[in-house]
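To start, the structure itself, in structure tokens.
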Amino acid sequence: MQEVPVYVFYGFMDSGKTTLVQETLFQNDFANDLSSFLVIRCEDGDEEYDEKKLTSLGGRLITIDNEEDFTAEYMKQLDDEFHPEAIFIEYNGTWEVAPLYEMEGPESWTIVQALCTVDASTFEMYMQNMRVMMSEQMFKADVVIFNRCTDATPKAKFRANVKSVNRRCQIVYEREDGTVDDSEEELPFDINADEIEISDADYALWFMDCMDHPKKYDGKIISFLGLVYNPTDGKGKLKPGVFVPGRFAMTCCVEDIQFLGMKTVYKDSAKLEHKSWIQLKAQVKYEFAKEYRGKGPVLHPIEITPAEKPEDELVYFS
């Protein structure tokens, strides 16, 4: 049985999904290699499909207005009727994502790529008011495309938000004229300072940036307020000479709080009490660590001093 590739496009209404689908089919000549394909549209935005052009290339536009109509039975019906070689699904931004992956549709259909389009001008508003729904869409995406970017777009902050829910995805920043913005992301701290002081507000952003670009921090001196992870028994016990300082971060909701900690090599680690607070000054070294299954950022303390628990123990990505 020949597999039928399925491409899923996520994003809220007017985020650019329809434009991206048509660019993929028409401008990138994707449709030229197909004799038949389906475009399944699950919401009706301002941008309309060029149905005449779709039809001329062997495509058919299918519209599904109601979430309850997006069923495995209907997908099988479409497969039997049109025998498509590829499927392009413009998913509704307000529908749950999980049912799409749990659905037992046509056996030959296989999701091969998921893309999420995001309007950079409204992203922060959505993350503040609809964080769970926004995070769900980004969670399954292979590529997150921020469009309508300007020079003022806080790309580093946006990347931290995305990577907090989906570490593996690729992120693309696209300017209002459609060109890709590959300029360096501006960080809220001075990476060239003799000592990079990481505030509570910037910790999550720094952590994600350091994990994604560890070579950039090799040899740098950093300092931050951290919670010590250093259990003395149980499965979580660390080997002698190692502890993990970090912070608990809220990603999309209380249920998704995660500990962002970094391996730290320290010969007197046994003296550090589990769940105590410290002010840590350390040098970052890009070196092998089995926890990373390769090279990654490892902290080597220069100075450790006891510290008071902060008023808010959590750090955030926004």
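When each of the peptides 99-111, 162-174, 28-40, 5-17 is scored by how many other beta carbons lie within 10 Å of its residues on average, the order from highest to lowest is 5-17, 162-174, 28-40, 99-111. Put a dot 7 Å past the Cα of Arg293, heading toward its Cβ, do the same for Phe26, and the two dots end up 4.2 nm apart. Name the residue from Leu225, Tyr203, Phe189 whose Cα lies farthest towards the positive end of the charge dipole of the range 172-274, charges +1 on Cβ of Lys and Arg and -1 on Cβ of Asp and Glu. Value: Leu225. Comparing Val144, Val298, Val265 in a Gaussian network model of the chain where C-alpha atoms under 10 Å apart are linked, the largest mean-square fluctuation is found at Val265. Entry note: the range 4-175 has Rg to Rh equal to 0.96, where both radii use alpha-carbon atoms and Rh is the Kirkwood radius.
When DSSP beta bridges are restricted to pairs lying wholly in the chain, around 45% turn out antiparallel.
Can you tell me the order of 68-81, 147-160, 270-283 when each peptide is scored by its average per-residue count of other Cβ atoms within 10 angstrom, highest first? Don't skip to the answer; put the middle values down first.
Numbers: 68-81: 13.9, 147-160: 18.1, 270-283: 15.8.
Ranked from most to least packed, the peptides come out as 147-160, 270-283, 68-81.
Comparing Glu51, Glu90, Glu291 in a Gaussian network model of the chain (Cα springs below 10 Å), the most mobile by mean-square fluctuation is Glu291. Taking amide hydrogens as placed 1.01 Å from N in the peptide plane, the amide H of Phe37 sits under 5 Å from those of Gly59, Arg60, Glu85, each at least 5 positions away in sequence or on another chain.
Were the residues from Thr232 through Gln128 laid out at 0.36 nm apart, the gain over their Cα-Cα distance would be 33.6 nm.
Here the scattering of the range 196-316 is modelled by Debye summation over its C-alpha atoms, one equal scatterer each and no solvent; at q = 0.16, 0.17, 0.19, 0.21 Å⁻¹ the log10 of I(q)/I(0) is -0.75, -0.86, -1.09, -1.34. For the chain, the longest principal axis of the C-alpha atoms and the axis of helix 72-82 are separated by about 50°.
Rg and Dmax, both from the Cα atoms of the range 3-84 and both in Å, are 12.7, 33. Can you give the Rg to Rh ratio for the chain, taking only C-alpha atoms and Rh from Kirkwood? Radius of gyration over Kirkwood radius for the chain works out to 1.06.
Classify the range 91-250: rounded, prolate or oblate, from the alpha-carbon gyration tensor (a ≥ b ≥ c, eigenvalue square roots; a/c under 1.5 rounded; otherwise prolate if a/b is larger than b/c)? Oblate, because a/c is 1.5 or more while a/b does not exceed b/c. Over every Cα atom in the range 146-202, the radius of gyration and the widest Cα-Cα span, Dmax, amount to 13.1, 39 Å.
Per DSSP H run of at least 4 residues, take -39500 (n - 2.57); add these up for the chain, divide by its residues and hand me the 222 nm value, nearest 500 deg cm²/dmol. Before the final figure, lay out each step's value.
Working: 8 runs with 63 residues, N = 318.
Estimated from H runs of four or more residues: -5500 deg cm²/dmol.
All of the numbers you see were taken from the coordinates with simple rules; none came from a lab. The structure displayed is predicted, hence computed values, not measured ones. Virtual Cβ from ideal backbone geometry, glycine too; neighbours counted across all protein chains shown.
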